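I have placed the structure first, in the form of structure tokens, so that the comments after it can refer back to it.
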Amino acid sequence: MHIVYVTFVMSCICMAQTSAPIISFEKTHHDFGKVSPGTKVAHKFNVTNEGNVPLQIKEIIPSCGCTITKLPKWKLEPGENTFIEVIFNSSGMLGNIRKSITVISDDLVNPKVELTFGAGVVQEIMPSKSVVIFNEISRYASASSATIRLESGTEFPVEVTEILIPVPYITCEAHNEENDVILDLSLNGQLVPKHSIRGRDTLVVHTTSKEVPTLQFVIGWDVIPEITASKKRVIWDGTAGTERRTAITLVHSGGKPFKILDIISTSAFVQVSDFLKTSAVEHTLDVIMVENAKSGMYRERLTVILDDPEQGELDVEVIAVLR
């Protein structure tokens, strides 16, 4: 009886193995090669049912919205074949791209098969950056520099015909490096408008490329204030009932003498020691939290009034947590 039982089980397994759908692909990866941004390319993955019962393809799931698929037949008879068409939209992409679709069927052994495709999305001109930021520019320095590379996406060199920037304090020069063009940017702090602390300008570059005839770049910048504080924020944390002091120093970045005309506090508990209303390139102040300050959290501000024609005031934040 034991031997008959084993033979019966083995027979059932063999029957199950010989009566099953089998999904098979001619290949599971395709390389589109180089494509331009914004173009649509398509490829057909050939699929066959190598089993001896009908194969049902249940679902096709792309990895992103840049891909759509088409399938003429969802059910394949034994030996029958069709194709899954993949249409890839390269809009908004640049560089080496790899995407996939997941094919779900009733194949018992391989119910999920991943098909992949890749593309090198290139345009005739590929800028290394679209935004350049100049931080903490000194009004007394001649220039700060930055570069942008205009990389060629083809075997032909990049050709720049015109560079436009509407301000005198930013300059741009171009030079070739093999097929690429390097844009050398300079910002002259001495030419920045006197009352401007930060700004944003646009650099426009014209080329001979039909695909990318014009490039625009944002140039952001901020300058160091004429007068700066050694501490922009004073922080105290401790028990109430004790006087606290922190020294801060105000310095003119250009070495020019200036006067402190007045200091205004948002709280009677935050004060400043007596200061001299004389001209100097540097002033030291004691910021004080008085001892009768009650427990609680304080977020106050000191406004220092100055006689500098380019900077009329300076703020220092005061934060205290007293228990």
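The values are calculated or read from the model by the stated rules, or taken from the named source; none is laboratory data. The shown structure was predicted, so the numbers you read here are calculated from the model rather than taken from an experiment. All Cβ positions, glycine included, derive from the backbone under ideal geometry; neighbour counts span all protein chains shown.
Considering V212, V205, the condition of being buried (at least 16 other Cβ atoms within 10 Å of the Cβ), under 13 Å from I125 (Cα atoms) and modelled with pLDDT of 95 or more is satisfied by V205 alone. If you go through region 1-40 and keep only what is within 30 Å of G118 (Cα to Cα), modelled with pLDDT of 90 or more and among the small types (G, A, S), you end up with S24, G33. Just so you know, in region 22-34 the residues that are buried (at least 16 other Cβ atoms within 10 Å of the Cβ) and either in the same structural domain as T154 (by TED's automatic domain parsing) or within 27 Å of E124 (Cα to Cα) (or both) include one that is nearest to the chain's Cα centre (by Cα), and it is F32.
Take S19 and tell me if it is among the hydroxyl-bearing types (S, T, Y), surrounded by 13 or more Cβ atoms within 10 Å (Cβ to Cβ), out of contact with any Leu (no Cβ under 7 Å at 6 or more places or on another chain) and in the same structural domain as T102 (by TED's automatic domain parsing). Judged against the criteria, S19 is not a match. Number of residues in region 86-114 that are not β-branched (V, I, T) and not in a loop (DSSP other than H, G, I, E, B) equals 10. A single member of V113, V158, V121 is more than 23 Å from P193 (Cα to Cα) and either charged (D, E, K, R) or modelled with pLDDT under 95 (or both), and it is V121. Against the numbered list (1) touching a residue at least 60 places away in the same chain (Cβ under 8 Å); (2) more than 30 Å from Q311 (Cα to Cα), I61 comes up short only at (1). Residue count for region 244-293, restricted to those that are loosely packed, with under 13 Cβ neighbours inside 10 Å, touching a strand residue (DSSP E or B) at 6+ places or on another chain (Cβ under 7 Å) and more than 27 Å from E310 (Cα to Cα): 1. Scanning region 163-178 for residues that are surrounded by 15 or more Cβ atoms within 10 Å (Cβ to Cβ) and either polar (S, T, N, Q) or within 28 Å of Q311 (Cα to Cα) (or both) returns I165, V167, Y169, I170, T171. Regarding region 184-201, can at least one residue be identified that is over 30 Å from I23 (Cβ atoms), under 22 Å from the mean Cα position of the chain (by Cα), of a type outside the set (D, E) and surrounded by 13 or more Cβ atoms within 10 Å (Cβ to Cβ)? Within region 184-201 (the criterion being over 30 Å from I23 (Cβ atoms), under 22 Å from the mean Cα position of the chain (by Cα), of a type outside the set (D, E) and surrounded by 13 or more Cβ atoms within 10 Å (Cβ to Cβ)), the answer is yes, since at least one residue qualifies. Scanning region 115-128 for residues that are under 21 Å from the mean Cα position of the chain (by Cα), surrounded by 13 or more Cβ atoms within 10 Å (Cβ to Cβ) and not in a strand (DSSP E or B) yields V122, Q123. A single entry from S196, S209, S186 fulfils the requirement of being in a strand (DSSP E or B) and either closer than 20 Å to L150 by Cα or without any contact (Cβ under 8 Å) to a residue 60 or more places away in the chain (or both): S186. Among residues of region 140-162 being within 28 Å of G254 (Cβ to Cβ) and touching a strand residue (DSSP E or B) at 6+ places or on another chain (Cβ under 6 Å), the one that is surrounded by the fewest Cβ atoms within 10 Å (Cβ to Cβ) is S145.
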